[in-house]
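One structure is given here, and the rest of the page talks about it.
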DNA sequence: ATATTGAATGCAAACGTTTGAAAAAATTTC
DNA sequence: GAAATTTTTTCAAACGTTTGCATTCAATAT
């Protein structure tokens, strides 16, 4: 070991032959401290690089000013946008964000939550992992609730859980996307859906199906294929779609990544976008505006979600006595670009 | 306030009319504890949801098992890959990663470092922000050094700083990219460079220039234009390039985002890739394999960097006495795809 | 019956800081 | 010059946990 012990208030007290209390007060500009004493101590502290041990303070005050952000991944545009939003509101308030990436893994999520509680985190923002969703376990959430640590769901959620949540209206976003394709004149619309069980996947699927139904279009099972949100997971499914006897003339991807993967396959096949195949994604990731053709997509206000989630957290912290949990649903917005803009056909 | 006080070891002791020590030992399976006592206490603890207060332990043991990861952004593939690599090695060892995003902001970086030190973080992985780079300030780093907290530079670095570092060989990656373009037969190679001052920008620029020189090709100032790594920042520069009297027949982008932006502009102009304009990016981001045409790029081993950085940290922690700082430079690898593969021309 | 052993538990200090109350020191007042 | 007042400093407890050492109590050996 080569780490020298950090200098403490006691060290300084010894140096000045005074009590730790005096040093503490001097450093905190307490009025009842002699001006000279204060100056000397502050100077010396600076000189030796004294830095308050926040750990001890946390213990004393039972306040850690740290918040947990538990997400399945940080390699998506949306997740990083949410984190940015949380950051924007909470960092200036002195909170530290402890970002935990679960990789869609239940055990890891559980471990992180337990660790956050042990570390006396003051609040947790959670987007549950896919495994958690699949397994249906939620005891690890119970312990958060039991501790009365504010728990805010972001994005994905357990329907039947008593907490605040900030989510995007995936359903209407998907609905609008499909409605747009229909309006343009596409007849056979496929959906590259997300993993089963996740709210986002299911809501978008539902929007897709309901919209087809509204317009009296048949819902063909073979036009709905699973992906895992990643670009490469769209390749095989899209190929399968295009090889169908009656292939789709439009594809609605569960996110931009998947839509971009599909775009590649469609072009490889020699088909034109949007003339032969229309394409819509989801997320409005930065790159979607610069693909060729640019990608029609549904914008999710990630930053805003982060900021709203922060607000929900703060509400709960400031609430006296009983607190009613809030659900915020932000609208998503269709962004029409080239990939779906062929001249409308009846 | 509605948060009920978490149950402590003292609470349990009171309940069993025994001392806190006994409870502590019982919970930790200390051998000198009566089997019945142990079982009763453990059961009760579970029942009331006791969870060890790690804050107090941190104070007692002077160990926080938390590490700081300070990065300018998490919205790039590379950065998230690095974090994933750190995570892979350090999470299983019980370390918590505290991810701090500086948004390229010097003051924020400074604040984060100071906070991490105050929280007695046991090590810091740092990719300095652009502002820090520009300003040339580094007092905030001095305090880390002074504290003998292990500091590992990832990616960007201060050349003249006494620490360990894990970086990618940007220079040779860029060199290889440009050499490849030259070999294929491109004659006028432009470079969309990164922000001034950053090691990655400068190293790639240097690789580009040195390679041109090696092949006796002129370095045309007007073919080198700045971007900020983001896709949209490539649009105007690329347009300018293509409108030159003697436009480039190939473009080397400082990263994939920029290259993809350029790709869009080139195609909008009606030029073909790779026939009319060759294109190479940097990062091997997932999407680069699926653009149309797919993007030739230089792969940066982000995950590996994270893992190597972890190793450097662990070395330093386990070192007895004086520790010699290490510099690890991992090779980057040229990934040849469609965007540069026209049939070679002399 | 007493000494010896062994098992089980308790005591007290420690980690670094803050803070109300008490004490000490310096200053003012009469 | 003593009392009253004000200024400055110290004391002690608290936050929750662990741990070396001391203690207690019962069982065994002499």
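Rule-based calculations on the coordinates, nothing more; no lab input. Being a predicted model, the structure only gives us computed values, none of them experimental. Every residue, glycine among them, receives a Cβ derived from its backbone with ideal geometry; neighbour counts consider all protein chains shown.
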(request) Note the distances from residue B:42 to each other copy's matching label point, with points 7 Å along the Cα-to-beta-carbon direction, in nm, sorted shortest first. (result) 5.4
(request) Sort the stretch B:213-255 into rounded, prolate or oblate with this rule: let a ≥ b ≥ c be the square roots of the eigenvalues of the Cα gyration tensor; rounded if a/c is under 1.5, and if a/c is not under 1.5, prolate when a/b is larger than b/c, oblate otherwise. (result) oblate
(message) Give me B:303, B:15, A:165, A:5 sorted ascending by neighbouring Cβ count inside 10 Å, so fewest comes first.
(response) A:5, B:15, B:303, A:165
(request) State the Cα centre-to-centre distance between the stretch B:158-205 and the stretch B:305-340 in whole Å. (result) 18
(message) With respect to the axis carrying B onto A, what is the closest chain B residue by Cβ position, and how many angstrom separate it from the axis?
(response) B:99, 2
(message) With only alpha-carbon pairs counted, each pair once and no self-pairs, how large is the Kirkwood hydrodynamic radius of the protein assembly as shown in angstroms?
(response) 27.8
(message) I need the P(r) histogram for the stretch B:174-236: all alpha carbon pairs, bin width 5 Å from 0 out to the longest distance, whole percents.
(response) 4, 19, 28, 25, 17, 8, 1
(message) Run the label-point distances for residue A:244 please: 7 Å along Cα to Cβ, every other copy, nanometres, shortest first.
(response) 4.8
(request) Once you have all Cα-Cα distances for the stretch A:238-331, histogram them in 10 Å bins from zero and send the whole-percent values. (result) 15, 34, 19, 15, 12, 5, 0
(request) Could you work out how far the C-alpha centroid of the stretch A:225-294 sits from that of the stretch B:46-118, in angstrom? (result) 38
(request) Just tell me how shielded A:276-286 is by partners: mean number of partner chain Cβ atoms within 10 Å of each residue's Cβ, no decimals. (result) 1
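May I ask for the Rg/Rh ratio of chain A, computed from Cα atoms with Rh as the Kirkwood radius, given to two decimals?
Result: Rg/Rh = 1.15.
Go ahead and estimate [θ] at 222 nm for chain A from helices alone: -39,500 (n - 2.57) per DSSP H run with n ≥ 4, summed, over the residue count, rounded to 500.
On the way: 13 runs with 147 residues, N = 346.
That calculation yields -13000 deg cm²/dmol at 222 nm.
Averaging sequence separations of C-alpha pairs under 8 Å and six or more residues apart, then dividing by the length of chain B, give the relative contact order as a whole percent.
Over chain B, the number comes to 17 percent.
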(request) Kindly put A:109, A:179, A:142 in sequence by how many other C-beta atoms sit within 10 Å of each C-beta, fewest to most. (result) A:142, A:179, A:109
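Calculate the mean, over all residues of peptide A:93-106, of how many other protein chain Cβ atoms lie within 10 angstrom of the residue's Cβ. Could the numbers behind the result be given before it?
Details: counts 0, 1, 0, 6, 4, 6, 8, 6, 7, 0, 4, 0, 0, 0.
Other-chain Cβ atoms within 10 Å of each residue's Cβ, averaged: 3.
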(request) For the stretch B:1-131, just the Cα atoms, rotate onto the principal axes and tell me the three extents in Å, largest first. (result) 60, 34, 26
(message) Taking every alpha carbon pair in the stretch A:270-322, what does the distance histogram look like in 10 angstrom bins from 0, in percent?
(response) 21, 29, 19, 15, 11, 5, 0
(request) Taking the Cβ of each residue in B:29, B:169 as the centre, tally the other Cβ atoms inside 10 Å and list the residues starting with the fewest. (result) B:29, B:169
(request) Tell me the label-point distance for the pair residue A:226, residue A:21, using the 7 Å Cα-to-Cβ offset, in nm and rounded to one decimal. (result) 6.6
(message) Give me the inter-chain shielding for B:289-302: mean count of other chain Cβ atoms within 10 Å, whole number please.
(response) 3
(message) Helix B:77-90 against the longest principal axis of chain B: what's the angle in degrees, Cα atoms only, rounded to the nearest 10?
(response) 30
(message) Tell me whether the stretch B:79-143 comes out rounded, prolate or oblate; compute the Cα gyration tensor, take square roots of the eigenvalues as a ≥ b ≥ c, and use a/c under 1.5 as the rounded threshold.
(response) oblate
(message) Taking a virtual spin label 7 Å from the Cα of residue B:103 along the C-beta vector, which residues in the stretch A:72-95 bring their backbone nitrogen under 13 Å of it?
(response) A:81-93
(message) Using only alpha-carbon positions, what ratio does the radius of gyration of the stretch B:175-284 give when scaled by 2.2 N^0.38 Å?
(response) 0.94
(request) Along Cα-to-Cβ, 7 Å out, sits the label point; list in nm, shortest first, how far the one on residue A:218 is from those in the other copies. (result) 6.6
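Projected area of the stretch A:130-203, taken from the Cα convex hull and averaged over every viewing direction, in nm²?
Averaged projected hull area, Cα only: 5.7 nm².
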